[in-house]
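The values are calculated or read from the model by the stated rules, or taken from the named source; none is laboratory data. The shown structure was predicted, so the numbers you read here are calculated from the model rather than taken from an experiment. Neighbour counts are summed over all protein chains in view; Cβ atoms, including those assigned to glycine, are modelled from backbone coordinates with ideal geometry.
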Amino acid sequence: MEKTTSGWVNGFIGVAIFAGSLPATRVAVADFDPAFLTCARATVAAVLGLALLMLLGERRPRRADLPSLALAALGVVVGFPLLTALALQHVTSAHAIVFVGLLPLSTALFAVLRGGERPRPAFWLFSVAGASLVAGYTAWGGLEVSLVGDLLMLGAIAVCGMGYAEGARLARTLGGWQVISWALALSLPVMLPGALLTRPESFGHVGGPAWMGFAYVSLFSMLIGFVFWYRGLAQGGIAAVGQLQLLQPFMGLGLAALLLHETVSWSMLLVTLAAVVCVAGARRYAR
């Protein structure tokens, strides 16, 4: 019982940290190129993760774990940060957060594909309903909607779900925070040269808010959040604790309004709530 409670607490802390990722990225891309931001944040987190692995003498992953680690890295280290950074050049973080309501569903879909689960028909009913709500919202938005931004966000949700599912599978045997640390280490030979090649000629134009956003996504979104998140999944159960992601859109919308003074319309709130309900139903019938 105590371990399960600890899992929920750790999972909640992880989700709360992730909720600040899109607003922080929105601030950072105002002065940083999205490609540089993606590579640099992963490089900073990888160095810290490697230091932790060496300091604590963690065992190396097995060769059989490398494909899953590579997929996790592709999803949460490269794909999601890059696609969201690109998307946030076209849409506000409040608009992008609506799509995060589909992240638990994306994770569940990849769990089905990778884990061989056979959900009941009601699962697919909720899945189609949730996807339709998001598609309908983007179409109804008219001129306020960026097709490029929305497509990038859909891609980001897809690859992030893949990374979460692969990481959750590995966390059962490899350990919680170790998964993201090894995934970051695996990506370092690519991300470090990428950061050097895409770095700006001068950092003089980068303001304080952009540096703060960069620091947040590098330390919290890329590493510390996963320490709590994967530990929570391992302690409390992937299916149960994973549902805490349903709170992330509401936390993110609140942060976007509070910190960035972005407008959060009633339509955004209603669509987010409806998407969360659909995802909750889909997760309930996932097994």
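Structural remarks
- Test: residue in region 241-253 that is among the small types (Gly, Ala, Ser), under 20 Å from the mean Cα position of the chain (by Cα) and either crowded, with 20+ Cβ neighbours inside 10 Å or more than 19 Å from Ala35 (Cβ to Cβ) (or both): yes
- Of the helices (runs of 4 or more DSSP H) lying entirely inside region 1-112, those containing at least 1 residues that are more than 24 Å from Tyr137 (Cα to Cα) and under 19 Å from the mean Cα position of the chain (by Cα) span 2-19, 21-28, 34-55, 66-72.
- Restricted to region 192-207, and to residues there that are among the small types (Gly, Ala, Ser) and within 24 Å of the chain's Cα centre (by Cα), the residue that is farthest from Leu259 (Cα to Cα) is Gly194.
- Matching residues in region 77-126 - criterion: being more than 16 Å from Gly167 (Cα to Cα), among the hydroxyl-bearing types (Ser, Thr, Tyr) and modelled with pLDDT of 80 or more: Thr84, Thr92
- From Val179, Val206, residue being in contact (Cβ under 8 Å) with a residue 24 or more places away in the chain and outside any helix (DSSP H, G or I): Val206
- Unmet requirement for Pro119, which otherwise passes all of (1) farther than 16 Å from Leu246 by Cα; (2) assigned to a helix (DSSP H, G or I): (2)
- Some residue of region 59-69 being among the hydrophobic types (A, V, I, L, M, F, W, C), buried (at least 21 other Cβ atoms within 10 Å of the Cβ), within 22 Å of Met162 (Cβ to Cβ) and modelled with pLDDT under 90: no
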